[in-house]
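Student: Let me give you the structure first, and then I'll get to my questions.
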Amino acid sequence: MSFEFSLIIDSIPKMLAGIGITLELLLLSMVIGTILAIFILLMRISNRWYLCWPAMSFIYIFRGTPILIQIFIIYYGFPQFEFIRESIFWPMLREPYGCAVLALTINNAAYVSEIFRGGVNGVDRGYLEAGAALGLSIRQRFIYITAPIAIRLSIPAYSNDVIGLMKATALASTITLLDMMGIARTIVAEYYAPYEIFISLAIIYLIMTWIIQNAFGLLEKRMSRHIRQ
Amino acid sequence: MDVLTGWWDDFFWGSIVILQVFLVALVMMVLFGLIGAAAKLSNSRIAQKLASAYTVIFRGTPELLVLLLIYYGSAIFLTNLFQLFDPSIKFVDIPPFWAGSFSIALIVGSYAAETFRGAFLGVDPGQIEAARALGISNFNTFIYVRIPEMWRLALPAFGNHMLSLIKDTALISIIGLNETMYAAEQAAGTTSKPFTMFIVAGCIYLGFSTVITLSVMLLEKRANKHLVGSR
Amino acid sequence: MINSVTSSEPIIRLKDVDKFFGGFQALKKINLNVEKGERIVVCGPSGSGKSTMIRCINRLEQHNAGHIIVNGHELTDQVKDIDAVRREVGMVFQSFNLFPHLSIIDNLMLAPKLVRKTPKPKAREQAMSMLERVRIPEQADKYPSQLSGGQQQRVAIARSLCMNPEIMLFDEPTSALDPEMINEVLEVMTDLAKEGMTMICVTHEMGFARSVADAVIFMDEGEIVERNTPEEFFNNPKSDRTKLFLSQILAH
């Protein structure tokens, strides 16, 4: 058994050809998922049962099942239904790309809304009482006091979530999408050299993780400048 | 529901496999986590470096990639090894059950190492000092003071690790383990009702997650019962 | 000037107020009238309901029975009345509760901008003058965590004053402070009292009570046990519970 460096050198550019798809999946599902998460959060913390319950079930279902199943349900499962195949969403749901984005977005939204809820719950009640005593309305307290503090509190968990999301994009390869992971799997199938290919790919993912971590680290530092003496 | 006739068996045995993988991986995960945490807390710089490399690598690499690397990597290694003795052998692999359990335990163990380390450090040093001052031996302090407190601190995160484990078992179907997800794929392929089949698999997983979540809630209640009423 | 009796309605009026936390009764048939310009000090053992009482006055807690009328508004579920009362009533907390993500000046400007719709330059001008009043204008651009406890509490007082309140409530404003910082806060409160602000202070600073208060109220187990002038309260307390409390608090 030998470690073939020439194979690594050949295959890294091939795998990097898929980084665009990996990053697109990551960014799209991160941004849309975060926006969706805000709505779910607002529903979840509302006092009205008809808003709160759907949000709770949504979070419960999508955090309680593997993403792989969610991807398969959307990609393989949805076409079972006539009305989906005739709907305006079909062009998107027909493509593995659209299915992967949809699954990752929904899954991420469920996680992020809980992260934000943790941040909201972490806001000291005293600040809100001070806001109330100054005559700020509930909405003003949420926008000007709760939200900024909660966002800062959420950053470390959010950063971990983005890393988790990046790792989850690799699952798109199971529905024939040629992201970095998909390309790696085809190369491995061809040359049967799992060590070389998969370790090189792992290094690429580790570098991306490192970048994400540091980017959020800087952001957190910036947003916590008021904490430091 | 008619379409499911004939498939219930597969789903049932698939669930049993999930449970087996989960339990095996849980034991390994705790082991890896404890070793990792011990290395992080040790005085040896090499052990610390190795442990942090462990965390960094498995936190930053997709689960699927780790699984495929370990499964195919070990298969290549074993095949080469066995061919030294008997060149007629074509392919030797670690059974997907073990390769899979080992992989997901390794992945989740890297998170658990951090959790256990945090819980160890989270114990109020004042309590340890108090135990020392009372003349309790180091060993007994560890068993009667530190472990119960660590357990309480680590429980919520540990519950999440168990949820990750159960959900990661779904990945093992990709390397051919005959579990629920695999059953769903087979059923989806032959019945042309993929949605129904994957929904059934999803419900099974949701059931497992629910049981874990509820158990952790109960355990937390028990572990925190002495805190009732105080803030 | 003491107990200047006017023919007008009292500015704060509590009538038969009850408050429950679950099965625990925190306030029992509380009756209290406060005239405009009056300075009241409330003391009592912990758990006696004194914080709960003043927190009911701006509805941080909801009372379960009785009536609370503040500056002509009865506190009910009507959001309009609650907002009106909160605009006129300032509150200073034990733990300061300055907004950690806003600089000092922004802490002071937030409520005037949002609630009173004061234009920004005017709000800033007013905030600066309040900071001068509490003697820390040089800290305007710092963040709360960069200030000492005493400075933070003075900022908190200034923040309330920016809303031009008719009434100020103080909930143990010096309890969280190191001893050497207590005086700087009490001085600011004394200045405020001299300017004729209506004040209710929950505090154990008996020196402050003696020199500033028009009346001292002693609470125990959710009831107002005694209300008296400071001299009478300290020299000649009426109830045994007051005597016991005073002997404990003045002993050290």
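Student: Do we have any residue at all in the range C:176-183 that's surrounded by 23 or more Cβ atoms within 10 Å (Cβ to Cβ), modelled with pLDDT of 90 or more and among the hydrophobic types (A, V, I, L, M, F, W, C)?
Tutor: no
Student: Inspect the range C:113-121 for any residue being part of a loop (DSSP other than H, G, I, E, B), polar (S, T, N, Q) and touching a residue at least 40 places away in the same chain (Cβ under 8 Å) and give the result as yes or no. First the steps, then the outcome.
Tutor: Initial filter on the range C:113-121 (part of a loop (DSSP other than H, G, I, E, B)): C:115-119.
Next cut, polar (S, T, N, Q) only: C:118.
So of that shortlist, the ones also touching a residue at least 40 places away in the same chain (Cβ under 8 Å) come out as none.
No, the conditions are met nowhere in the range C:113-121.
Student: A further question follows. For the structure I just gave you, tell me whether C:S247 is open to solvent by 40 Å² or more (accessible area, probe 1.4 Å) and of a type in the set (S, T, Y). Even if it seems obvious, please write down each step before you answer.
Tutor: Working: open to solvent by 40 Å² or more (accessible area, probe 1.4 Å): yes; of a type in the set (S, T, Y): yes.
Judged against the criteria, C:S247 is a match.
Student: Pick from the range A:171-182 the residues that are of a type in the set (V, I, T) and more than 10 Å from chain B (Cβ to nearest Cβ): which of them is surrounded by the fewest Cβ atoms within 10 Å (Cβ to Cβ)?
Tutor: Filtering the range A:171-182 for residues of a type in the set (V, I, T) gives A:174-176.
The next check asks that each one be more than 10 Å from chain B (Cβ to nearest Cβ); those that pass are A:175-176.
On the way: A:I175: 19, A:T176: 11.
This residue is A:T176.
Student: Within the range B:42-54, does at least one residue satisfy the condition of being of a type in the set (K, R) and in contact with a Phe, Trp or Tyr (Cβ under 8 Å, 6 or more places away or on another chain)? Don't jump to the end; show me each part of the working.
Tutor: Going through the range B:42-54, the residues of a type in the set (K, R) turn out to be B:45, B:49.
Adding the requirement that they be in contact with a Phe, Trp or Tyr (Cβ under 8 Å, 6 or more places away or on another chain) leaves none.
The answer is no, given that none of the residues of the range B:42-54 is of a type in the set (K, R) and in contact with a Phe, Trp or Tyr (Cβ under 8 Å, 6 or more places away or on another chain).
Student: In the range C:71-108, what count of residues is obtained for those that are assigned to a helix (DSSP H, G or I) and of a type in the set (G, A, S)?
Tutor: Result for the range C:71-108: 1.
Student: Please find, among B:F77, B:F82, B:F102, the residue that is open to solvent by 30 Å² or more (accessible area, probe 1.4 Å), at pLDDT 95 or above and in a helix (DSSP H, G or I). Walk me through how you get there before you give the answer.
Tutor: Details: B:F77 fails: at pLDDT 95 or above; B:F82 fails: at pLDDT 95 or above.
None of the others qualify; the one that does is B:F102.
Student: Follow-up question, since we're still on this one. Do we have C:A158 as touching a Leu at 6+ places or on another chain (Cβ under 6 Å) and open to solvent by less than 50 Å² (accessible area, probe 1.4 Å) here? Step through it out loud before you land on a result.
Tutor: Details: touching a Leu at 6+ places or on another chain (Cβ under 6 Å): yes; open to solvent by less than 50 Å² (accessible area, probe 1.4 Å): yes.
Criteria met by C:A158.
Student: Go through the range A:45-75 and give me each residue that's among the hydroxyl-bearing types (S, T, Y) and without any contact (Cβ under 8 Å) to a residue 40 or more places away in the chain.
Tutor: At the first step, the residues of the range A:45-75 found to be among the hydroxyl-bearing types (S, T, Y) are A:46, A:50, A:57, A:60, A:65, A:75.
Result: A:S46, A:Y50, A:S57, A:Y60, A:T65.
Student: Kindly establish whether B:K49 is without any contact (Cβ under 8 Å) to a residue 12 or more places away in the chain and assigned to a helix (DSSP H, G or I). Explain how you work it out, then say what you get.
Tutor: On the way: without any contact (Cβ under 8 Å) to a residue 12 or more places away in the chain: yes; assigned to a helix (DSSP H, G or I): yes.
Judged against the criteria, B:K49 is a match.
Student: Among (1) within 12 Å of chain B (Cβ to nearest Cβ); (2) more than 27 Å from C:S160 (Cβ to Cβ), which single condition is A:Y158 missing?
Tutor: Just one mismatch for A:Y158, condition (1).
Student: Filter the range C:131-190 down to the residues that are of a type in the set (S, T, N, Q) and farther than 18 Å from C:S95 by Cα and list them by number.
Tutor: Residues of the range C:131-190 of a type in the set (S, T, N, Q): C:139, C:145-146, C:148, C:151-153, C:160, C:164, C:174-175, C:183, C:190.
Residues satisfying the conditions are C:Q139, C:N164, C:T190.
Student: Out of the range A:50-76, which residues are open to solvent by 60 Å² or more (accessible area, probe 1.4 Å), aliphatic (A, V, I, L, M) and more than 10 Å from chain B (Cβ to nearest Cβ)?
Tutor: A:M56, the sole residue that qualifies.
Here's the yes/no breakdown for (1) surrounded by fewer than 18 Cβ atoms within 10 Å (Cβ to Cβ); (2) at positive phi; (3) part of a loop (DSSP other than H, G, I, E, B):
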position: A:A184; (1), (2), (3): no, no, no
position: A:I187; (1), (2), (3): no, no, no
position: A:E196; (1), (2), (3): no, no, no
position: A:I199; (1), (2), (3): yes, no, no
position: A:L206; (1), (2), (3): yes, no, no
position: A:L219; (1), (2), (3): yes, no, no
position: A:R222; (1), (2), (3): yes, no, no
position: A:R225; (1), (2), (3): yes, no, yes
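Student: Need the failing condition index for C:R59 against (1) in a loop (DSSP other than H, G, I, E, B); (2) more than 30 Å from A:L153 (Cβ to Cβ); (3) basic (K, R), just the number.
Tutor: The one condition C:R59 does not meet is (2).
Student: Next up: Which condition breaks for A:L27 when tested against (1) open to solvent by 50 Å² or more (accessible area, probe 1.4 Å); (2) touching a residue at least 12 places away in the same chain (Cβ under 8 Å)?
Tutor: (2)
Student: Going residue by residue through the range B:211-219, is there one that turns out to be under 22 Å from A:A168 (Cβ atoms) and modelled with pLDDT of 85 or more?
Tutor: Yes, that holds for at least one residue.
Student: When the range A:125-134 is examined, which residues are found to be surrounded by 14 or more Cβ atoms within 10 Å (Cβ to Cβ) and either basic (K, R) or more than 7 Å from chain C (Cβ to nearest Cβ) (or both)? Quick ask: steps written out before the conclusion?
Tutor: Of all residues in the range A:125-134, those surrounded by 14 or more Cβ atoms within 10 Å (Cβ to Cβ) come to A:126-134.
Result: A:L128, A:G131.
Student: I've got another one for you. Taking A:T34 as the residue in question, decide whether it is more than 14 Å from chain B (Cβ to nearest Cβ), under 24 Å from A:S159 (Cβ atoms), among the β-branched types (V, I, T) and touching a Gly at 6+ places or on another chain (Cβ under 7 Å). Before you say what the answer is, go through the steps one by one.
Tutor: Values: more than 14 Å from chain B (Cβ to nearest Cβ): yes; under 24 Å from A:S159 (Cβ atoms): yes; among the β-branched types (V, I, T): yes; touching a Gly at 6+ places or on another chain (Cβ under 7 Å): no.
No, not satisfied.
The values are calculated or read from the model by the stated rules, or taken from the named source; none is laboratory data. If you're wondering where the values come from, they're calculated on a predicted model, not measured in any experiment. Here Cβ is always computed from backbone atoms with ideal geometry, including for glycine, and neighbour counts include all displayed protein chains. Note: areas computed on protein heavy atoms with side chains; ligands, DNA, RNA excluded. Shrake-Rupley method; radii C 1.70, N 1.55, O 1.52, S 1.80 Å.
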